[in-house]
Every structure is written in structure tokens, then in C-alpha cells.
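Could you have a look at this structure, given as C-alpha cells, before my questions?
The values are calculated or read from the model by the stated rules, or taken from the named source; none is laboratory data. Nothing here was measured: the structure is a model prediction, and the numbers come from that model. Cβ: placed from backbone, ideal geometry, glycine included. Neighbour counts: every protein chain shown. Calculation scope for accessible area: heavy atoms of the full protein, side chains included, ligands and nucleic acids excluded. Shrake-Rupley method; radii C 1.70, N 1.55, O 1.52, S 1.80 Å.
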Amino acid sequence: MVSIIPRLQPKAGFRTHSADFPTPVSPTILLPNDARGQVSDYALIAERSEKRLRFDRTGSEDFRQCTPGARYRIQTDATQITFNTAYNNQVTRYDSRNYIASIFVNGALHSSFNSFDGVKVITFPDVTSRLIELIWPYADGMDLLKTTVNVGANFFGIPSRPNGIYVAAGDSITQGFWSSKTVNSWAFKSAVAINRRLINLGDGGDIAVASYANALIGTGADRVSYMIGYNNFAAQTALATFQAAVEGWINNAKAALPSAKILVISPIYSPNTNTITLAQYRTSVAAAVTAAGGANVSYVNGLSLMTNSNDRLVDGVHPTDTGALEIVTNLAPLLAA
């Protein structure tokens, strides 16, 4: 489920790093595998070497190399920090890329930048220890190549991320389309609101598939949301087939995370119509929860999460930043309970 909105179209191989010439080791240069840096909020690491930091996700198709909200973290008193990034050539859906990475300083948004620019420099007026976090875009294959600080900068112990983990699963509405950037997406903000690390498994274009819940295995999550149904509506999947797939997903999710709280969410508001209506798919999601749920599984009607108005949608399907914030306001208390 990806609506086509014009985006800058980089060429294949744009700013791809040469694997033959790793950056020399230096006190002011942190290679991606340097122990002074920490990674968090990801499903899998595809590579963490002297050449690059690259994440991965299972249970994804077009956007497997996207890692919405993953974090690279350092604690330093540097007055100048430079992040060098590169497009890894692994995400070929140029029509739906979002390149906006962000920098958090001491837990708050400091700035954002286009990852395809290849470099981001931030400066500070004084020598003070700060937590610096690089946040991955929701729809770009971004690699971190190196981090450079000014001469004389010191590094310190990095504060721990929260113990709890929230996995957001589903389609592109969960992945973050068309939020202005990852940190404005409802999944990212919900994780912050309930004080948990985020593993975003939302994948643009996904329909309900029982086996996709196997991606939950090994995550250690204690909170899970699964928003599904719009792409089945667009494809006009038979309702019985759809419900069976959702039931299968729930059963697999329970097996993967027996003690996790699981919220199964029907599609949010959309004005779009078809022979089998969105209302019928919402009813099927509710029926699947009734049939396959349990003490830790709850149904959430997507219509209850956001003002049901076209001005809360970018393209008739995906929430605006305002719509995403409304979802957080209504969903976070359910996740936290």
C-alpha cells in the first residue's frame, strides 16, 4: 500500500560507499563498529564493520532494508560532530522513498537532514557531555559510514535505552508513510510515549499473512500492535480468506510472544470505497480477534484512533503528522495499560 507522491529520485548507486577503502582509525573518527558507539531500536544488523552500519528486517519485502526509528548513539562533549551516511542501493522503490534522518540531543529533536546528502554536521557552543542519537529514516536504505568529532572531544558511558520493547507490525501506515519524518510517525511517537524501544516491522504493501508474525520471534517485545487490512481492501481479498490470515497471524504472534500484550487494529479511516467495504474488513479483524485471541489480545477499531476526516490524511490512506499525533494520543494509553 504505497501511494505515489513525487519525491527526489536519486540514481541507483547514489553515494554508495566503496568497500575497498575503509576510513583510517583515529581518536576523532568512530568507525561504525567502534565500541564508543551504541545501536538500538532495530530488528537485525545486516553488517556492523569498519566500513558500514547496516540494518535489516525479516518479514518485509520492498522495504526490508528500511529500519524506521533505529538509533546510533554516542555520549560526548564534542563541540562538532559529523555523521557520514550513504544510500546502500538496497531499497529500489524510488517512488516511495523518504530520506529524512534526524538527530536527537539529550532525548529531544535537534535537527533533521536528507540522508542522501551524505553528511550532517552539528555544532555546540560549549564543552558539555551530551547524548547524541542518529535516527534512521522510515523509508530509505541508509548506511552509517563514520562519525567524526573535533580534536580533544571525550566520550562517556551511554545511558541505557528502556528495557521494554514495542513492536509495531502492519503495512505502510505502520511503517510511517507519509509522515514528514520518522520521528513524527505514530509508531515512533507511541514508543516514546510508553517508554519503550521500538522495532518497526511495518512494511509498505503488506496484506495479512499468518507467517509474517514469525518476525516477532526473538524480539523480546512486551507490547505489540498489528494494524492490517487496507491492502486487502484494495485487493478485494475474500473476507473469509482475510479473516483466516489475521487469525493465523494472531496465533503465531501468541506463540512467539506468549506474555506480550497484543493489540490488533483494523484499518483507520479512509474515504475510499470498493465493493467489499473497509467496514467489512474492520468487522473481519474484530471477528478474528474473537476467534483467535486470548487474555493478552485485544481488538482496536481503527476508526477510534483519529479524527475521521480527509484533512487527517495525506493521500486518502496515510495519516498526516496531525493524524499520526492523534493516533498516539488514543493508542498509547491502550499500549501502556
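Starting from segment 247-267, keep only residues that are closer than 23 Å to Arg282 by Cα, then list their pairs with residues that are acidic (Asp, Glu) and crowded, with 22+ Cβ neighbours inside 10 Å whose Cβ atoms are within a distance under 9 Å, requiring at least 6 positions of separation or different chains.
Taking only residues 6 or more apart or on different chains, not a single pair turns up.
Do we find a residue being of a type outside the set (Lys, Arg), within 30 Å of Gly107 (Cβ to Cβ) and open to solvent by 10 Å² or more (accessible area, probe 1.4 Å) anywhere in segment 228-241?
Within segment 228-241, none of the residues are of a type outside the set (Lys, Arg), within 30 Å of Gly107 (Cβ to Cβ) and open to solvent by 10 Å² or more (accessible area, probe 1.4 Å).
Those residues that are in a helix (DSSP H, G or I) and crowded, with 19+ Cβ neighbours inside 10 Å, I need them from segment 213-227; list them, please.
Ala213, Ala215, Leu216 - these are the residues of segment 213-227 that are in a helix (DSSP H, G or I) and crowded, with 19+ Cβ neighbours inside 10 Å.
Just to be sure, is Ile45 open to solvent by 60 Å² or more (accessible area, probe 1.4 Å), assigned to a strand (DSSP E or B) and either at pLDDT 95 or above or of a type in the set (S, T, N, Q) (or both)?
The answer is yes for Ile45.
Output the residues belonging to segment 118-147 that are more than 19 Å from Arg36 (Cα to Cα), open to solvent by 20 Å² or more (accessible area, probe 1.4 Å) and of a type in the set (A, V, I, L, M, F, W, C).
Once the filter is applied, which keeps residues that are more than 19 Å from Arg36 (Cα to Cα), open to solvent by 20 Å² or more (accessible area, probe 1.4 Å) and of a type in the set (A, V, I, L, M, F, W, C), segment 118-147 yields Val119, Phe124.
Here is a list: Arg64, Arg73. Which entry is surrounded by fewer than 22 Cβ atoms within 10 Å (Cβ to Cβ) and assigned to a strand (DSSP E or B)?
Every option except Arg73 fails the conditions.
Which of the following residues is open to solvent by less than 50 Å² (accessible area, probe 1.4 Å), outside any strand (DSSP E or B) and on the phi < 0 side of the Ramachandran plot: Ala169, Ala208?
Ala208
Considering (1) hydroxyl-bearing (Ser, Thr, Tyr); (2) under 29 Å from Lys254 (Cα atoms); (3) surrounded by fewer than 17 Cβ atoms within 10 Å (Cβ to Cβ), say which one Thr322 fails and leave the rest.
Only one criterion is unmet by Thr322, namely (2).
Only one of Thr237, Thr241 is among the polar types (S, T, N, Q), farther than 14 Å from Gly170 by Cβ, part of a loop (DSSP other than H, G, I, E, B) and out of contact with any Leu (no Cβ under 6 Å at 6 or more places or on another chain). Can you tell me which?
From the options Thr237, Thr241, the qualifying one is Thr237.
Of the numbered conditions (1) open to solvent by 10 Å² or more (accessible area, probe 1.4 Å); (2) in contact with a Leu (Cβ under 6 Å, 6 or more places away or on another chain); (3) not β-branched (Val, Ile, Thr), Asn150 fails exactly one; give the number of that condition.
The failed condition is (2).
Spot the failing condition for Gly294; the list is (1) outside any helix (DSSP H, G or I); (2) surrounded by fewer than 20 Cβ atoms within 10 Å (Cβ to Cβ); (3) modelled with pLDDT of 95 or more, and only one is missed.
All conditions pass for Gly294, except number (3).
Going by the conditions given, is Pro159 touching a residue at least 40 places away in the same chain (Cβ under 8 Å), on the phi < 0 side of the Ramachandran plot and open to solvent by 50 Å² or more (accessible area, probe 1.4 Å)?
Spelling it out, Pro159 is indeed touching a residue at least 40 places away in the same chain (Cβ under 8 Å), on the phi < 0 side of the Ramachandran plot and open to solvent by 50 Å² or more (accessible area, probe 1.4 Å).
Quickly run through segment 253-281 and pick out the residues that are open to solvent by 50 Å² or more (accessible area, probe 1.4 Å) and part of a helix (DSSP H, G or I).
Lys254, Ala255, Ala279, Gln280
Every residue, every condition in (1) open to solvent by 50 Å² or more (accessible area, probe 1.4 Å); (2) out of contact with any Ser or Thr (no Cβ under 9 Å at 6 or more places or on another chain); (3) at pLDDT 50 or above; (4) in a loop (DSSP other than H, G, I, E, B), yes or no:
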| site | (1), (2), (3), (4) |
| --- | --- |
| Ser3 | no, no, no, yes |
| Arg15 | yes, no, no, yes |
| Asp20 | yes, yes, no, yes |
| Pro24 | yes, yes, yes, yes |
| Ala35 | yes, yes, yes, yes |
| Val39 | no, yes, yes, no |
| Ser60 | no, yes, yes, yes |
